Amino acid sequence: MLNDKDIPINIAKQPGKKHGLQLYIQVHKEDTLPLLTKDLGVRIVIHDPRSIPIISKNGMDVRLQDLVSISMAYSEINRLGEPWGMCAKDGQVLANNYSGDPYIQSVSYMLY
């Protein structure tokens, strides 16, 4: 994916702007591509560092001269292994089909 799975992820463990991520973005009108953009501003996507950012579905637009504060929460589900997590008919053993990559619902729709 985008980042190596062996590199640990930096996690903010306390709330507030002193402990989280701060972005200062400068946008200049002369740097835009008029054929590709309708509006002047930026699109921000906050995602798991090991997942593919789907900008069109998971982003938010920020106009010029706007001050934006974003708050988010992250939930992770870890499935239990045996004896709680092996569901199969008549004792059939299932293959491990998990890749280890995070699941993203919008990506799974694109694959089918």
> Which of the residues belonging to the range 21-47 are surrounded by 10 or more Cβ atoms within 10 Å (Cβ to Cβ) and either touching a Ser or Thr at 6+ places or on another chain (Cβ under 7 Å) or not in a loop (DSSP other than H, G, I, E, B) (or both)?
Replying inline: 40, 41, 42, 43, 44, 45
> Looking at the range 10-61, which of its residues are of a type in the set (A, V, I, L, M, F, W, C), under 27 Å from residue 76 (Cβ atoms) and in contact (Cβ under 8 Å) with a residue 24 or more places away in the chain?
Replying inline: 44, 46, 52, 54
> Restricting the range 1-20 to residues that are at pLDDT 75 or above and among the basic types (Lys, Arg), which is surrounded by the most Cβ atoms within 10 Å (Cβ to Cβ)?
Replying inline: 18
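Which ones in the range 31-64 are acidic (Asp, Glu) and at pLDDT 80 or above? Reasoning before the result, please.
Kept after step one, since they are acidic (Asp, Glu), are these residues of the range 31-64: 31, 39, 48, 61.
The answer is 61, and nothing else.
The values are calculated or read from the model by the stated rules, or taken from the named source; none is laboratory data. These numbers come from a predicted model, not from an experiment. We place every Cβ from the backbone using ideal geometry, glycine too, and count neighbours over all the protein chains shown.
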